[in-house]
Amino acid sequence: MLLDLSIYAPTYLSLTWAFILLFSSKTNRARFFLGIFMFVVAMVFMSHVVYYHHLNNIYIYFDLIFIFGSLSIFPIYYWYIKLLTFRSKIDFKDLKHLIPAVTILVATIITYLLMSKEMRDLYISKYLYGTGNWNDATPLIKTQLILCYTLQIVYFTQIIFTFLRVRVFIADYNDNIANFYSNLDNKTLRWPQIILYSFVATSTFTIFTNFMGRSFFDKYPFILLFTCIAYSAFLFVLGYLGYLQNHTIVTFEQDNNILVDSEKKIEIEPENVIENKNKDAMLAQLKYLFETEQIYKEKDLKISDIATKLNTNRTYISTFINNEFSISFNTFVNQYRVEEAKKLLLNESNNFNTLDNISNHVGFGSLNSFIRVFKEITGTTPGNFRKDETKTINFTSKTGRHYPY
């Protein structure tokens, strides 16, 4: 009973998330492709249901679904992450990632068509369940077995490719976000990479067992149970987090387009003038904005706001902060916010203030963000810091510059 439930669970979970994601993706193209991903996963696991219930009379059709679906899973996940982090649409050239799936599917269909009905039945009943002998196999059955092993090799190659590319996409996206926004709540992406690690681990395990044949799971129900539970947990978390993810590269591009329009309204200095601008003058202007005007208290502060006030462009300001302080724009702003928060925490007259009030006052988007960033910068939580009034208020940039407060 428990084994049956575990076998069906990934199919039901992925199919449920597929409908939820597809029907809630009007303005979120990435979510639409995650819905497609879930639907393909559901079809693959449905083929597993048919296989492990030994429904041999209909399995040939589900074997075709399994072949195409297995080799489409990672390309579609790759497209999903690409839509989240890199580009707002999928190009025609991206379809090349489906070439292996189509090629092996067509080869399998041709091989099945060339087999007689008796030979197909023999292949499904014996060779797919690991009881057939290679030496006794006909050329067509051997061809189909070779295609099965080829599928596993291609699948493993797709895992490696997707893993490497997704890491780059997510890292670049997070860098861009950190150098554009001062508050990163619900903007940065960490969970897709964690999900990918889990997916890679589970899929790699499946590959090794599949090289021994899916019959391996048929012989060891406990391992099958464990694998199905692992996939079910992975699919539930992926669907839930993907549903919650609203900030994508599209949002980032929209903010950038607004910024470009605003930059056209001011007189932008030529690049050669910007490059030669006195660094000390730029530092003085930044200090004025952050120390006198306390611009960091604006929750929705962006690099564009700084660029507009300094009558220059965002690329120069971002690069200047990166090079001069060896930190992102987000960290630069948050260091000022944390320093202001430390003053409030150490001021006895502010002891009645809640952490939430202090968080809002200094410009953080949420209390959780305030606590997390405060701990990252100071090594302790705001609550613990407040208890130790002997701490020295001191802000030092990574370049050794000391700014008086």
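Couple of notes before you dig in:
- The residue that is surrounded by the fewest Cβ atoms within 10 Å (Cβ to Cβ), among those in the range 45-60 that are among the polar types (S, T, N, Q) and closer than 16 Å to TYR123 by Cα, is ASN57.
- Options ALA18, ALA101, ALA9: the member that is within 23 Å of TYR123 (Cα to Cα) and not β-branched (Val, Ile, Thr): ALA101
Yes/no matrix, rows are residues, columns are (1) outside the structural domain of ASN278 (by TED's automatic domain parsing); (2) more than 17 Å from ASP255 (Cα to Cα); (3) among the acidic types (Asp, Glu); (4) in contact with a Ser or Thr (Cβ under 9 Å, 6 or more places away or on another chain):
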| position | (1), (2), (3), (4) |
| --- | --- |
| GLU293 | no, yes, yes, no |
| TYR296 | no, yes, no, yes |
| LEU301 | no, no, no, yes |
| SER304 | no, no, no, yes |
| PHE325 | no, yes, no, yes |
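- Residue check for LEU71: of a type in the set (A, V, I, L, M), in contact with a Leu (Cβ under 7 Å, 6 or more places away or on another chain) and assigned to a helix (DSSP H, G or I): yes
- Criterion applied to ASN135, ASN176 was being in a helix (DSSP H, G or I), polar (S, T, N, Q) and closer than 30 Å to LEU244 by Cβ, and the one residue passing it is ASN176.
- In the range 9-21, the residues that are over 20 Å from SER47 (Cα atoms) and under 18 Å from the mean Cα position of the chain (by Cα): LEU21
- Residue within the range 88-99 that is under 24 Å from VAL200 (Cβ atoms), touching a helix residue (DSSP H, G or I) at 6+ places or on another chain (Cβ under 9 Å) and outside any helix (DSSP H, G or I) present: yes
- Residues in the range 1-27 that are in a helix (DSSP H, G or I) and modelled with pLDDT under 85 were compared, and the one that is surrounded by the fewest Cβ atoms within 10 Å (Cβ to Cβ) is LEU2.
- Test: residue in the range 156-167 that is assigned by TED's automatic domain parsing to the domain that holds TYR52, more than 24 Å from LEU105 (Cβ to Cβ) and either modelled with pLDDT under 70 or surrounded by 20 or more Cβ atoms within 10 Å (Cβ to Cβ) (or both): yes
- Among the residues of the range 373-384, those identified as surrounded by fewer than 16 Cβ atoms within 10 Å (Cβ to Cβ) and of a type outside the set (S, T, N, Q) are LYS375, GLU376, GLY379, GLY383.
- A single entry from PHE62, PHE68, PHE92 fulfils the requirement of being modelled with pLDDT under 90 and in the same structural domain as ALA18 (by TED's automatic domain parsing): PHE92.
- Where a residue in the range 171-194 is modelled with pLDDT of 75 or more and its partner, wherever it lies, is of a type in the set (Lys, Arg), with Cβ under 7 Å and at least six apart: ILE177/LYS187; PHE180/LYS302; TYR181/LYS187; TYR181/LYS302; SER182/LYS302; ASN183/LYS299
- Residue check, LYS343 of a type outside the set (Phe, Trp, Tyr), under 28 Å from ASN174 (Cβ atoms) and at pLDDT 85 or above: no
- In the range 72-120, of all residues being β-branched (Val, Ile, Thr) and farther than 15 Å from LEU147 by Cα, the one that is surrounded by the most Cβ atoms within 10 Å (Cβ to Cβ) corresponds to ILE81.
- Qualifying position, being free of Cβ contacts under 8 Å to residues at least 40 places away in the same chain, part of a helix (DSSP H, G or I) and not β-branched (Val, Ile, Thr), among LEU345, LEU286: LEU286
- Within the range 348-373, the residues that satisfy the criterion of being part of a helix (DSSP H, G or I) and under 25 Å from the mean Cα position of the chain (by Cα) are LEU367, ASN368, SER369, PHE370, ILE371, ARG372, VAL373.
The values are calculated or read from the model by the stated rules, or taken from the named source; none is laboratory data. Not measured: the values here are computed from a predicted model. Cβ: placed from backbone, ideal geometry, glycine included. Neighbour counts: every protein chain shown.
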